[in-house]
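What follows is a structure written as structure tokens; I'll ask about it next.
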Amino acid sequence: MNQEPSPQERLSFGDQDALRTLLGARDANLRLLAQTAGVAARARGNEITLSGDPEDTGLARLVLEQLYELIKQGYPVYEMDVEFAHRILAGDPGAQLKDIFLDQVYLTGKHRVISPKTLNQKAYMEAMREYDIVFGIGPAGTGKTYLAMAMAVDSLLKGKVDRIVLARPAVEAGEKLGYLPGDLAEKVNPYLRPLYDALHDMMDFDKAGRLMGKGVIEVAPLAFMRGRTLNSAFVILDEAQNSTSEQMKMFLTRLGFDSRAVITGDITQVDLPNGTTSGLIEARHLLDKIQGIAFVDFTEADVVRHHLVRQIILAYDQAGS
């Protein structure tokens, strides 16, 4: 018995250079799209042929057409963009990738453009532009801190703020601070390391060091914020799920004139002692009706790290861990 051939779609592309970028080295982008979309794909000349379920080939065609237009506008499409594009359009076929990927925040010293890769990341960036206080809540790898850092550096370099303040709770998770070597600053430094890493990814190491030496950029434990008023500052509180109710109130009331605050955290990863209320969870309930404050919720679908990270998060969520 002969099996009927799968329905096919043929796409033609007039710009050969853009098509080569779209296909990727040795057609790597096209192979990844075929695997992700569950279709067969073949490139020949200026045509790409898609075979499979009509719904799947239709989505793959939409991805190819929109990525092709992005490339013609100068966007350098990489393999990871193919997966992100498919994920976005699978969730919302009416989405326009150019409105997301071309929303560029800041060009790093390594000449990498920082831009949102998911609809929630796009909403997060728009919220940071529009609102004075923004909460980004969701799992690791969703770009909460990274994009906030990019917006902070961009605001500083454009003169929108005079300084950046980066804070994190120094929560004892398995180790007592008192047993760690050094003075208090040295004891809490390991808790602040992720903030330094993100900062140095945005800015030349020496320049960041000079700005920190002048106090233009400050990285400090949350407890060091007490009693201060932060004017003309872009303030980021990272890992906010490990702040107590009192610490969260203290942090939010530090905000002065011409300042913005971004609070990030994962409410499923609270390291506070049993019986201690998470300031982030409480703030989610208390402040969500206040105008001028935005909450953006991320899910595992927004994870933009290695594709295995998203699958790991999903596996643990399904297991109830």
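Each row is one residue, and each column tells you yes or no for (1) closer than 21 Å to Asp266 by Cα; (2) open to solvent by 50 Å² or more (accessible area, probe 1.4 Å); (3) in contact (Cβ under 8 Å) with a residue 24 or more places away in the chain.
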| residue | (1), (2), (3) |
| --- | --- |
| Asp204 | no, yes, yes |
| Gly209 | no, no, no |
| Arg228 | no, yes, yes |
| Asp238 | yes, no, yes |
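One residue is enough: does the range 269-288 have a residue meeting the conditions among the hydrophobic types (A, V, I, L, M, F, W, C), farther than 18 Å from Gly143 by Cα and open to solvent by 70 Å² or more (accessible area, probe 1.4 Å)?
yes
Among the numbered conditions (1) modelled with pLDDT under 95; (2) more than 23 Å from Val134 (Cα to Cα); (3) aliphatic (A, V, I, L, M), tell me where Leu59 comes up short.
So Leu59 meets the others, but not (1).
Residues of the range 191-248 being touching a helix residue (DSSP H, G or I) at 6+ places or on another chain (Cβ under 9 Å) and of a type in the set (D, E, K, R), which ones?
If the condition is that a residue be touching a helix residue (DSSP H, G or I) at 6+ places or on another chain (Cβ under 9 Å) and of a type in the set (D, E, K, R), then Asp201, Glu218, Arg226, Asp238, Glu239, Glu246 are the ones that fit.
Are there any pairs with C-beta distances below 8 angstrom linking a residue in the range 283-294 that is on the phi > 0 side of the Ramachandran plot to a residue that is surrounded by fewer than 18 Cβ atoms within 10 Å (Cβ to Cβ), with the two at least 6 apart or on different chains, and if so which?
Short answer, once both residue conditions are applied: Gly292/Asp132.
The values are calculated or read from the model by the stated rules, or taken from the named source; none is laboratory data. Being a predicted model, the structure only gives us computed values, none of them experimental. Using ideal geometry, Cβ is built from the backbone for each residue, glycine included, and neighbour counts are taken over all protein chains shown. Calculation scope for accessible area: heavy atoms of the full protein, side chains included, ligands and nucleic acids excluded. Shrake-Rupley method; radii C 1.70, N 1.55, O 1.52, S 1.80 Å.
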